[in-house]
1. From the backbone phi of the stretch 117-128, what are the Karplus-calculated ³J(HN,Hα) couplings (6.51 cos²θ - 1.76 cosθ + 1.60, θ = phi - 60°) in whole Hz, Gly and Pro given as x?
2. With all protein chains present, how much of the accessible area of the stretch 18-136 (probe radius 1.4 Å) comes from carbon and sulfur, to the nearest whole percent?
3. Give, as a single signed number, the net charge of other residues whose beta carbon lies under 11 Å from the beta carbon of Gly74, with Lys and Arg counted +1 and Asp and Glu -1.
4. Go ahead and run the numbers for FRET between Asn130 and Glu44, Cβ-Cβ distance against an R0 of 22 Å, rounding to 0.05.
5. At 1.4 Å probe size, with no ligands or nucleic acids counted, give the accessible surface of Thr114 in Å², nearest ten.
6. Within 12 Å, Cβ to Cβ, of Phe5, how many net charges do the neighbouring residues add up to if Lys/Arg are +1 and Asp/Glu are -1?
7. Give the whole-number value, in cubic angstrom per residue, of the convex hull volume spanned by the C-alpha atoms of the chain.
8. If you count, for each residue, the other Cβ atoms within 10 Å and average over each peptide, how do 55-64, 125-134 line up from highest to lowest?
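The values are calculated or read from the model by the stated rules, or taken from the named source; none is laboratory data. The shown structure was predicted, so the numbers you read here are calculated from the model rather than taken from an experiment. Positions of Cβ are backbone-derived with ideal geometry, glycine not excepted, and every protein chain shown enters the neighbour counts. Side chains are part of the model used for accessible areas, which takes the heavy atoms of the whole protein and leaves out ligands, DNA and RNA. Shrake-Rupley method; radii C 1.70, N 1.55, O 1.52, S 1.80 Å.
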Amino acid sequence: MYIEFDARNSISVPEPYKRVLTTYLMPENAPIPLPFSVHLCEWEPGQQNDMHAHKVETEVMYVLSGHGKAFNNGEEVALAPGGMLVAAPGEEHVIINNSGETLRLLCIFSPPTTRAALKERADQAQAEYNANVAKG
């Protein structure tokens with residue numbers, strides 16, 4: 001099986017957690033059942049995602065290019081090409097691009113997640129942020 005990059009599979013997440021998620025291999029497009037899913041996540045300089053944890057998935061994040069930092073289970077780590085961050089179920093983590101270049105991570109979930117679940121989680125984080133801003 002060979003999978004090509006297809007920007008039509010991208011999810012653009014708005015501020016304040018702006019990033020682009022491009023799905024590669026998900027249960028809905030895999031020709032065979034797989035115990036994992038794969039997507040590319042890209043942050044421009046100054047962007048970050050929300051602090052979050054996954055209930056049942058382990059997320060492996062391999063740094064393809066760029067630099068940044070992460071907080072994983074309370075520990076701060078520097079992100080650099082060739083490095084890998086692993087967040088076990090329940091471990092809170094956040095990725096921050098504090099560099100002047102695009103940060104690209106290849107993310108692998110086991111058990112697999114879906115494109116719809118990625119979008120739903122991003123939308124939920126945005127809604128929670130907006131609700132907190134409205135409260136003052």
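1. Each residue of the stretch 117-128 in turn: 5, 4, 5, 4, 5, 5, 5, 5, 4, 4, 5, 5 Hz.
2. With neighbouring chains kept in place, the figure for the stretch 18-136 is 56 percent.
3. So the surrounding residues net to -4.
4. So, using R0 = 22 Å, E works out to roughly 0.55.
5. Thr114 has an accessible surface of roughly 50 Å² with all protein chains in place.
6. Within the 12 Å Cβ shell, the charges total -1.
7. Dividing the Cα hull volume of the chain by its residue count gives 113 Å³.
8. Highest to lowest by the protection proxy: 55-64, 125-134.
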